[in-house]
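As structure tokens, the structure follows; a few thoughts come after it.
The values are calculated or read from the model by the stated rules, or taken from the named source; none is laboratory data. Just so we're clear, the structure is a prediction, and the values are computed from it rather than from any experiment. Reconstructed Cβ throughout: ideal geometry from the backbone, glycine too, with neighbour counts over all protein chains shown.
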Ligand SMILES: Cc1cc2nc3c(=O)[nH]c(=O)nc-3n(C[C@H](O)[C@H](O)[C@H](O)COP(=O)(O)OP(=O)(O)OC[C@H]3O[C@@H](n4cnc5c(N)ncnc54)[C@H](O)[C@@H]3O)c2cc1C
């Protein structure tokens, strides 16, 4: 079939995928004066950062649901508030109900939190703030790395030395004790950390619920304590460390604000435009070809699709070194999460969460009653089973933003970890509704009015996350966030600076440093890398 030529002619940059990182990259590149076209396969922009209708007039953040990591720099530089972004701090940041009918909230107000903890253990109450202060101090060492390309240790010469010096400069003021603590947190297990530091099981569980998110591994796995640092980055418009935010209008409002910023800067954003392949000739990306055969020439191509999708499906294998393809193929994906979105006729009444708390204070609860429960849950998922012990993170979004549902309706999103991508002896098409039923049963143990008030239910298994949102193996972060897949190892060693073995092809999504979550960081960093290469000339000279 003869490919149709695009009438608008060659673009400076084409971006494959309109997830929030693709949109971020589009906004920065267009603002720098490049002619940018972004191509999204779905009919909606935002990727895993969307608000969608799940029942008549009821809208939900169908995938990501809490904004905790969106970089303040992105918010300010792209003026997202002027483009309609409004976030409301979660207070409590989370709450864990227990089988004995009590619940432990994590208040953001220090005095209120102190009073809550003192009832459980005066020792842990003191320790909680001491540990929190220390973790915040340590997280500040890591924070600057989020918004820059990681050092490339494979490079020699002046550039390699500059990278090494940059790394050294970031840790100039670190003390010996802090180095030990950092290494311990990066390599140790969350379970051991919590046992060592806290005596009360409920306090331990609260920290667990806040620190192990969306990744492979139970709380006793080495390296699981790194999550304690991840959630302590600055976030929100006011740049608060450890920020958790509800987004008014759902997470899609972030994507909409980014899209508005990109359009204002002149970017063209197209939906319903699946890219079939990157056009590579002579070792250089020269544009893309859509599934309908349309060719879109460009001097540079950025991919917001995950690394496996980008390199194993959109690029001719002959254009990539074998060892690179093997390394990409080995990236750990394999789920391990699902999402169940509900419309309810009544607000869930959760045991232990008092009716006289404000509606926004009653908006979150996490079902993970102990470390052992979490470990059992991961263990089952590891063997390809749907766990009997389901860890479910629930947000009643309509308690904070009533515009999401009409009167008499409530929207609750339920994030489920851990579940496998590959089920042992069955398939997700056969088991989808069984997972939905199990989630409702798990919630009913704490909020008995939920089953009778169910109006609509959307179950997104890891397979659905792959099919609908384009996530290879349903991995919500475009690759597990384990130490061996982070920093200069992300997406694969030697290629952490957004460039790829193909000249003019860049990765700008969560599969690149610093990884997944709604941060905008990979999109911003990749755009800066493109612009720095652009200034040096090779991209401008590449016009075929
Ligand atoms: C269920 C779930 C819950 C989550 N919860 C949270 C949370 O509460 N907080 C948080 O911070 N993070 C959360 N995350 C993680 C976070 O949403 C993602 O890591 C992040 O949104 C990834 O953004 P991205 O722009 O890099 O990629 P994506 O959002 O995956 O976007 C990539 C885009 O590329 C498109 N695409 C792929 N291939 C092609 C092609 N060939 N042609 C055209 N377009 C293509 C896809 O359709 C998609 O729109 C969650 C994710 C999921 C799935």
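Per-structure values
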item: Filter result for residue 244 (in contact with a helix residue (DSSP H, G or I) (Cβ under 6 Å, 6 or more places away or on another chain) and either within 16 Å of the ligand (Cβ to nearest atom) or more than 23 Å from residue 510 (Cα to Cα) (or both)); result: no
item: Within the range 350-373, tally of residues that are assigned to a loop (DSSP other than H, G, I, E, B) and either touching a helix residue (DSSP H, G or I) at 6+ places or on another chain (Cβ under 9 Å) or modelled with pLDDT under 95 (or both); result: 9
item: Residues being at pLDDT 95 or above and outside any helix (DSSP H, G or I) - total across the range 374-417; result: 27
item: Those residues of the range 424-465 which are farther than 26 Å from residue 359 by Cα and either modelled with pLDDT under 95 or touching a helix residue (DSSP H, G or I) at 6+ places or on another chain (Cβ under 6 Å) (or both), in sequence order; result: 428, 461, 462, 463, 465
item: Number of positions in the range 272-292 that are more than 12 Å from the ligand (Cβ to nearest atom), in contact with a strand residue (DSSP E or B) (Cβ under 8 Å, 6 or more places away or on another chain) and not in a strand (DSSP E or B); result: 1
item: Within the range 293-314, considering residues that are in a loop (DSSP other than H, G, I, E, B) and within 11 Å of the ligand (Cβ to nearest atom), the one farthest from residue 13 (Cα to Cα); result: 306
item: Every residue from the range 20-54 that is part of a helix (DSSP H, G or I) and within 12 Å of the ligand (Cβ to nearest atom); result: 20, 21, 22, 23, 24, 25, 26
item: Subset tally (residues that are surrounded by 24 or more Cβ atoms within 10 Å (Cβ to Cβ) and either over 21 Å from the mean Cα position of the chain (by Cα) or more than 18 Å from residue 248 (Cβ to Cβ) (or both)) for the range 46-68; result: 2
item: Selected residue (criterion: farthest from residue 143 (Cα to Cα)) from residues of the range 487-496 that are touching a helix residue (DSSP H, G or I) at 6+ places or on another chain (Cβ under 6 Å) and more than 12 Å from the ligand (Cβ to nearest atom); result: 492
item: Selection within the range 511-529 - under 18 Å from residue 255 (Cα atoms) and part of a loop (DSSP other than H, G, I, E, B); result: 515, 516, 517, 518, 519, 520
